[in-house]
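Every number in this text was worked out from the coordinates using simple rules, so none of it is lab data. Computed from a predicted structure; not experimentally measured.
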Amino acid sequence: MTANERRIGDLQHELDLVKRENQLLNDENRRLQETQKLLLRQLADMQQRVSSLEHDIETLQKEKTRNQPVAVGELRQTLATKFDENELRALAFDLSVDLDALPGNGLLAKATELVAYFDRRGQLRRLADEVWRLRPS
């Protein structure tokens with residue numbers, strides 16, 4: 001066997017090793033791609049579950065709030081301190097109440113009368129829910 005033939009044999013052997021390694025890397029790449037697809041599906045499922053749980057928590061918190069009696073004084077104080085006159089007027093308008101038709105002058109008096117208006121009609125929760133929506137804190 002000549003040196004040239006030996007060199008061809010060595011190169012052929014090296015080529016076979018490189019081809020085998022290349023095949024192993026391709027197999028590993030396919031496996032990783034499948035794993036990535038699986039992980040992406042799991043991530044999407046988890047994100048959907050998180051969203052669902054957040055919605056359930058929000059619903060339960062609202063239900064809990066609705067089932068609690070409305071603290072009239074606290075509601076009046078919130079209206080008087082967290083809303084300015086224009087915001088109070090807009091709130092009343094959104095709830096189909098003419099703020100100018102209610103007695104009293106000044107923000108505190110109007111807030112008191114607005115609370116009393118809804119209380120007399122048994123709709124205090126409606127007012128409280130809207131205030132809570134606009135001023136969650």
Query raised in the report: Using alpha carbons only, how many degrees (0 to 90, rounded to 10) separate the axis of helix 107-120 from the longest principal axis of the chain?
Result: 90 degrees
Report task. Sort region 70-134 into rounded, prolate or oblate with this rule: let a ≥ b ≥ c be the square roots of the eigenvalues of the Cα gyration tensor; rounded if a/c is under 1.5, and if a/c is not under 1.5, prolate when a/b is larger than b/c, oblate otherwise. Result -> rounded
Query raised in the report: Hey, in the GNM for the chain with a 10 angstrom Cα cutoff, which one of 50, 115, 18 fluctuates hardest?
Result: 18
